[in-house]
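A short write-up of the structure that comes next.
Every number here is computed from the coordinates shown, using simple stated rules; none is lab data. Source: prediction; values computed, not measured. Note that we place each Cβ from the backbone using ideal geometry, even for glycine, and neighbour counts take in every protein chain shown.
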């Protein structure tokens, strides 16, 4: 109490000390000054989209053990109508999330309307009411939505269908590579109730993509 009276009587002291004296006399906790108050730190910057996306991989071996692999981000199914709605017709579709969907192949792959060489490419789809296209781009590692037409390599016709009612819809983008026989494969995309697929054959093979397969010489 004596300390309190001395602090009150000394008018030359800063007003802040008088307040401190009152706090001490009443047994109140000392208040932190504005200079020593803890600062709120900003939340860490969100990770890039490519790092946050859930990645999936599908792969097969064709021919004499040559690997074909597709890696993609599992894009969730949007609400409402998907194709012709959330995914517009006649526009390049990202076909994934995060980094662009990529294909790496150790073999040349022949399609109905051309082929792609050994190497790495990114894949996109061009959905339409009638004919869908598989779009192959030479740029890789970019964001899925960052399609650059200057690096476009080829476009191939791709089949599509609406799944029958007894098949469950795909709740996220699903891509599957399937081996049909030693030298033939199928690349399938599924989202909601729509499925799109295209067949291919090892490039140095004399086999046809459709119809009878050649006899293996080795």
Which FRET efficiency value, to the nearest 0.05, is calculated for residue 79 and residue 148 with the Förster distance at 25 angstrom and r the Cβ-Cβ distance? 0.30
Cut-off 16 Å, label point 7 angstrom out along Cα-to-Cβ of residue 163: give me the residues of the stretch 65-82 whose amide nitrogen falls inside. 74-82
Full extension between residue 138 and residue 172 adds, at 0.36 nm per residue less the Cα distance, a length in nm of 9.7 nm
Give, in nm to one decimal, the length gained when the segment between residue 120 and residue 155 is fully stretched (0.36 nm per residue of separation minus the Cα-Cα distance). 11.0 nm
Along its principal axes, what span do the Cα atoms of the stretch 49-202 show, with the longest given first and each in whole Å? 44, 35, 28
